[in-house]
1. Just to verify a result, which residue in the stretch 18-45, among those that are surrounded by fewer than 18 Cβ atoms within 10 Å (Cβ to Cβ) and out of contact with any Ser or Thr (no Cβ under 8 Å at 6 or more places or on another chain), is nearest to ARG127 (Cα to Cα)?
2. Look through the stretch 176-185, keep the residues that are touching a residue at least 40 places away in the same chain (Cβ under 8 Å) and within 17 Å of the chain's Cα centre (by Cα), and return whichever of them is surrounded by the most Cβ atoms within 10 Å (Cβ to Cβ).
3. Is the stretch 215-222 home to any residue that is closer than 30 Å to ASP32 by Cα, surrounded by 16 or more Cβ atoms within 10 Å (Cβ to Cβ) and among the hydrophobic types (A, V, I, L, M, F, W, C)?
4. If you check ARG114, ARG75, which single one turns out to be over 25 Å from ARG236 (Cα atoms), buried (at least 19 other Cβ atoms within 10 Å of the Cβ) and of a type in the set (D, E, K, R)?
5. Which count do you get for residues in the stretch 228-251 that are modelled with pLDDT of 90 or more and among the hydrophobic types (A, V, I, L, M, F, W, C)?
6. For the stretch 77-97, name all the residues that are touching a residue at least 60 places away in the same chain (Cβ under 8 Å) and either of a type in the set (Ser, Thr, Tyr) or in contact with a strand residue (DSSP E or B) (Cβ under 9 Å, 6 or more places away or on another chain) (or both).
7. Does TYR206 qualify as being outside any strand (DSSP E or B), modelled with pLDDT of 95 or more and within 14 Å of the chain's Cα centre (by Cα)?
8. Considering every residue within the stretch 168-184, establish whether at least one is touching a Ser or Thr at 6+ places or on another chain (Cβ under 7 Å) and over 30 Å from ASP32 (Cβ atoms).
Amino acid sequence: MPAATALRRLLPKPPPWVKPPLWVAMYHSITDTADDPYRVTVSPVRFARQLHWLGDRGLRGVSVRELLAATAEGRAKGLVGLTFDDGYADFLDSALPLLRRHGFTATVYVLPGRLGGENAWDTAGPRKSLLSEDQVVRIAEAGMEIGSHGLTHVPLPEVDDAVLAAETRESRVLLEEMTGGPVDGFCYPYGKVDPRAIHAVRKAGYRYACAIDPGPLTGAYALPRVHIGEDDTSWRLTAKRVLHSVRRRHPADLFPAPYGPAPYGPAVVGAP
């Protein structure tokens, strides 16, 4: 019996009207993991195995924009959202070739205020290069979704109104000028989100936003994600996927335009 099936049989069965939640994986850096105090790095070898795990189970990695659109149209079965926070330069050489080999897409959340810089906010970790403007354009041209991670990677609930507006609105304007395309998605730095931050993101014109564990704020502007790390082997990925469907179960099926006919609601759910 497959491990996923065995685990599901041990868990309470949901009512028939409750759909499983979207499964969105959260990555950061794909490179050597020798110095990784914040657990934000996955080695290229492990990442390749994780993509194989998806493919072997008939799952396809897609950008969050594609996942939401497919869910609203009822065709999201077998789709998994893949996201990469912080805009690390190693995405171009380490992650992109593997994604393209599998026919997968992903969303890369970029910091336009730190282009070509380093991850200075990770005080205890190693310095890592961030994407340059040219590299962001190349990633967009390769078919990946570019989203905003704010301007400079600050916790939005802790900043004043002027900084909040710049981190949300100005970052979107810069990225759209850079890529020549729409920037629909936002990702909250550190996963920190509150109603004020959600309001600013919606006002800035984004159509969705990703968090980590938003609790009661879960919705199209606070999508929960599953952290994926170097230790996530096949059995851990199986457990995370099954348990996520239990922890994030919601009875609603509401989407903001253009991802569905219903207005913004308290939850966003979809197909496994």
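The values are calculated or read from the model by the stated rules, or taken from the named source; none is laboratory data. Here the structure is a predicted model, which is why all the values come from computation and not from measurement. Here the Cβ positions follow ideal geometry from the backbone for every residue, glycine too, while neighbour counts run over all protein chains shown.
1. ASP35
2. Top of the filtered list is GLY185.
3. Checking the stretch 215-222: not a single residue is closer than 30 Å to ASP32 by Cα, surrounded by 16 or more Cβ atoms within 10 Å (Cβ to Cβ) and among the hydrophobic types (A, V, I, L, M, F, W, C).
4. ARG114
5. Qualifying residue count, the stretch 228-251: 4.
6. GLY78, LEU79, GLY81, THR83, ASP85, ASP86, GLY87, TYR88, ASP90, PHE91, SER94, ALA95 - these are the residues of the stretch 77-97 that are touching a residue at least 60 places away in the same chain (Cβ under 8 Å) and either of a type in the set (Ser, Thr, Tyr) or in contact with a strand residue (DSSP E or B) (Cβ under 9 Å, 6 or more places away or on another chain) (or both).
7. Considered against the rule, which asks whether it is outside any strand (DSSP E or B), modelled with pLDDT of 95 or more and within 14 Å of the chain's Cα centre (by Cα), TYR206 comes out as no.
8. Yes, the stretch 168-184 contains at least one residue that is touching a Ser or Thr at 6+ places or on another chain (Cβ under 7 Å) and over 30 Å from ASP32 (Cβ atoms).
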